[in-house]
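Okay, so here's the structure we're looking at.
The values are calculated or read from the model by the stated rules, or taken from the named source; none is laboratory data. Note that this is a predicted model, so its numbers are computed, not measured. All Cβ positions, even for glycine, are placed from backbone atoms using ideal geometry, and neighbour counts span all protein chains on display.
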């Protein structure tokens, strides 16, 4: 099997790298998780619009929806480079990765014309209203209600862990439209404007003191029937489409590779007892182990893209990539903490923090990665049932 990229794919990668080197100067400390300040967010919004002007946000989408009709591998290359260079995709991430593909598969022509061009140009921020206080991994247990009222649905309920809800203009929302059928069969999916009367957003700060999460309350919010995605009571299947897209990223491997390279450089410069840390056999073995795992995570992600390129649906394969990649992030953060010692606990704002405090930030934020988009336990169940054919 030949794992090499074609000449055209290599040229595409170099084009992306040249652009990112120009547009992301060293003093910009944004990342996929950290664009939480107003200044960082403004930079991220402008940066995303530049990507949209180039048609890069949606390179694998059909041209009629604002894409470039490039291959899934070329899309993966773009995602990989963006994650490696810590490019801030927050304003567009949900739209391009989850909402847009879901609308393409399940949406009406009117929904496609209204939303897809804005997503492709990087002019709109979406959030995802799936999880609730009592419905996270068991997503089908959600209780937010949507009751028919003529040409509208009246939505009442609560969502939690809603990333960027405080900045988003639209929300992809799951709500129960039929409480009298099995829980998977009574859910519908809606496109909801976040400025509608009755919506209240309250911040949730994570343990890294970052405000990306929110809880969102819906108090008799009127949503037009035309904003329903797919069929009534069959929103569960559209939601699963969204989650399959969400679990297929390469960002864990690419971000891990960048962090690993920085750790290797640190061990070459830092000394203990007059010797570089890189000469310590325990440190060397641990870094070698992480290098192998980073490459495994990358191959799992490329497998997903390869299957998509062949017209296959990577279901449990996406779960394998998500599971391994997120747990790799935790193992890599723990390795960094062990290597940096007490200095690893210093926050990014500290002038004494090695690697600009990224290990401390990564250590704290990596816990959420194995919960969001389905916990590691959920991913293992999917792999066991759908991949290995094991009984429930």
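Here are a few things to note about the model shown:
- Region 363-374 residues that are without any contact (Cβ under 8 Å) to a residue 40 or more places away in the chain, paired with ones that are surrounded by 19 or more Cβ atoms within 10 Å (Cβ to Cβ) and not in a loop (DSSP other than H, G, I, E, B) (beta carbon under 6 Å, 6 or more apart): 363/333
- Considering 143, 158, 169, 111, the condition of being assigned by TED's automatic domain parsing to the domain that holds residue 230 and within 27 Å of residue 67 (Cα to Cα) is satisfied by 169 alone.
- Qualifying positions in region 345-357 - in a helix (DSSP H, G or I) and farther than 15 Å from residue 290 by Cβ: 345, 354, 356, 357
- Answer residue from region 348-358, given it is under 17 Å from residue 334 (Cα atoms) and without any contact (Cβ under 8 Å) to a residue 40 or more places away in the chain and is farthest from the chain's Cα centre (by Cα) among those: 353
- Check on residue 305, modelled with pLDDT under 95, crowded, with 21+ Cβ neighbours inside 10 Å, out of contact with any strand residue (DSSP E or B) (no Cβ under 9 Å at 6 or more places or on another chain) and over 27 Å from residue 213 (Cα atoms): yes
- Residues of region 47-74 classified as part of a helix (DSSP H, G or I) and out of contact with any helix residue (DSSP H, G or I) (no Cβ under 7 Å at 6 or more places or on another chain), total: 7
- Selection from region 1-44 of residues that are at pLDDT below 90, surrounded by 11 or more Cβ atoms within 10 Å (Cβ to Cβ) and part of a helix (DSSP H, G or I): 40
- Scanning region 131-149 for residues that are in a loop (DSSP other than H, G, I, E, B), in contact (Cβ under 8 Å) with a residue 12 or more places away in the chain and out of contact with any helix residue (DSSP H, G or I) (no Cβ under 6 Å at 6 or more places or on another chain) yields 131, 133, 136, 142, 143, 144.
- Counting only strands (runs of 3 or more DSSP E) that fall entirely inside region 169-264 and contain at least 1 residues that are without any contact (Cβ under 8 Å) to a residue 24 or more places away in the chain and surrounded by fewer than 22 Cβ atoms within 10 Å (Cβ to Cβ), the qualifying elements are 199-205.
- When region 278-302 is limited to residues that are surrounded by 15 or more Cβ atoms within 10 Å (Cβ to Cβ), free of Cβ contacts under 8 Å to residues at least 40 places away in the same chain and over 18 Å from residue 326 (Cα atoms), the one that is farthest from the chain's Cα centre (by Cα) turns out to be 280.
- The single condition among (1) under 25 Å from residue 374 (Cβ atoms); (2) assigned to a helix (DSSP H, G or I); (3) touching a strand residue (DSSP E or B) at 6+ places or on another chain (Cβ under 8 Å) that residue 127 does not satisfy is (2).
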